[in-house]
1. With the structure loaded, tell me whether A:Thr42 is loosely packed, with under 15 Cβ neighbours inside 10 Å, of a type in the set (Ser, Thr, Tyr) and part of a helix (DSSP H, G or I) or whether it fails that test.
2. Can you name the residue in the stretch B:1-42 that is basic (Lys, Arg) and within 20 Å of the chain's Cα centre (by Cα) and is also surrounded by the most Cβ atoms within 10 Å (Cβ to Cβ) among such residues?
3. Residues that are surrounded by fewer than 16 Cβ atoms within 10 Å (Cβ to Cβ), in contact with a Leu (Cβ under 9 Å, 6 or more places away or on another chain), without any contact (Cβ under 8 Å) to a residue 24 or more places away in the chain and in a helix (DSSP H, G or I): does the stretch A:69-89 have at least one?
4. Between B:Gly138, B:Gly161, which is away from chain A (no Cβ under 14 Å), in contact with a Lys or Arg (Cβ under 6 Å, 6 or more places away or on another chain) and within 19 Å of B:Tyr50 (Cα to Cα)?
5. Counting only residues that are loosely packed, with under 12 Cβ neighbours inside 10 Å and assigned to a helix (DSSP H, G or I), which one in the stretch B:112-164 is modelled with the highest pLDDT?
6. Condition first: touching a strand residue (DSSP E or B) at 6+ places or on another chain (Cβ under 8 Å) and within 12 Å of B:Lys87 (Cβ to Cβ). Now tell me which residues in the stretch B:138-153 satisfy that.
7. Looking at the structure I just gave you, is B:Phe99 more than 12 Å from the chain's Cα centre (by Cα), more than 29 Å from A:Ala141 (Cβ to Cβ) and part of a strand (DSSP E or B)?
8. Hey, can you tell me all the residues within the stretch A:130-167 that are within 13 Å of chain B (Cβ to nearest Cβ) and closer than 11 Å to A:Phe72 by Cα?
Amino acid sequence: MVKKIALAVLLVVALTVGITLVKQMLTGEEARIRQRCQHLSTLLSMPPGEKLPAAALRAERLRGFLTETCSFSTSTYKLSRELSRDEVISRYLAVRRMLRSVDVLFKDIVVEPVTDLEATVRFMVRANATAEDGARESRTAPIMASLKKIDGKWRFAEFREETVLEK
Amino acid sequence: MTKRIRKFFLPDLNRGFFIRLACVAAAAYVIFGHVIRPMRIRGESMLPTYRNGQFSFCFTWKYTFRRPQPGDIVMVKYAGRKVLLLKRVVAVGGQTVEFRYGRLFVDGELRPEPYASKPCNWELPPREVKPGHVYVIGDNRSVPMDTHHFGQTPLSRIEGGPIW
């Protein structure tokens with residue numbers, strides 16, 4: 001009986017490893033983009049009590065995720081313009097100064113490769129922020145992002161808030 | 001009896017067993033991953049028809065051969081495939097939708113809505129639903145109109161409908 005259980009466990013492990021490997025081989029680039037999205041959400045999050053040097057370091061790392069210019073279009077914040085990488089970083093740092101903590105989560109990520117060097121990603125962003133005065137705000141939005149592969153790395157070139165329901 | 005129970009939980013690991021296992025796994029993947037997807041309802045926009053935390057299945061083939069009709073409850077894709085908005089269709093492409101004193105008017109005619117039993121004070125000027133779109137609203141109209149997620153959406157965003 002022990003032999004049977006051991007065999008069954010071995011089979012489940014082998015199947016899991018096999019499926020993961022095949023999935024990785026088939027969707028290598030997709031997985032890389034997905035990972036990039038997850039990494040970006042971690043960078044955008046800010047744990048409570050984070051010191052300024054740590055925030056500056058995060059901002060520097062954020063630079064590597066963006067193309068030279070990045071366009072933003074959101075109906076919620078009435079923003080529709082193209083920003084340079086430096087402008088994005090300075091706005092990001094300005095927003096951080098107003099907040100005590102932010103928790104950003106990208107959920108339900110769907111990757112749609114366009115070409116070998118371009119891709120589109122759809123995901124739901126959920127942000128929970130606490131302002132310096134303790135006020136809390138939570139926002140959820142469907143986002144469509146465009147990515148370009150530059151120097152072997154996927155970089156975000158556009159973020160657009162999708163209109164799901166039009167009143 | 002004990003032998004039968006033991007055989008059920010610890011079957012012989014022969015070829016037949018692996019074929020059965022593969023068939024069951026494949027069928028479960030197709031059925032629950034693509035045809036009837038399990039889902040948990042979050043939020044109160046469909047009260048009193050659906051409660052927060054309720055469990056249901058999204059039947060993705062529901063609108064394969066027909067279009068959603070007014071009165072149907074549909075699931076609208078939000079961003080990817082997992083997060084869906086649960087709403088009721090009140091009008092289809094070409095029709096006009098408006099709210100007067102909290103009551104729904106379609107093409108200028110008052111529509112009885114027995115499912116929307118909560119008090120409502122919405123005021124919405126008439127607007128035409130674009131072709132290839134449907135106008136969806138949650139049943140819970142007691143929330144302020146600005147905070148309620150509703151409006152027209154393309155048919156391509158309709159993922160399916162709940163089984164119950």
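1. Answer is yes for this residue.
2. B:Arg37
3. no
4. That would be B:Gly161, the only listed residue that is away from chain A (no Cβ under 14 Å), in contact with a Lys or Arg (Cβ under 6 Å, 6 or more places away or on another chain) and within 19 Å of B:Tyr50 (Cα to Cα).
5. Restricting to residues being loosely packed, with under 12 Cβ neighbours inside 10 Å and assigned to a helix (DSSP H, G or I), the top hit is B:Ser156.
6. Within the stretch B:138-153, B:Gly138, B:Asp139, B:His148, B:His149, B:Phe150, B:Gly151, B:Gln152, B:Thr153 meet the criteria.
7. Against the criterion (more than 12 Å from the chain's Cα centre (by Cα), more than 29 Å from A:Ala141 (Cβ to Cβ) and part of a strand (DSSP E or B)), B:Phe99 does not qualify.
8. A:Ile143, A:Met144, A:Ala145, A:Phe159, A:Arg160, A:Glu161
The values are calculated or read from the model by the stated rules, or taken from the named source; none is laboratory data. Given the structure is predicted, the values throughout are model-derived calculations rather than measurements. Cβ coordinates were reconstructed from backbone atoms using ideal geometry, including for glycine residues, and neighbour counts include every protein chain displayed.
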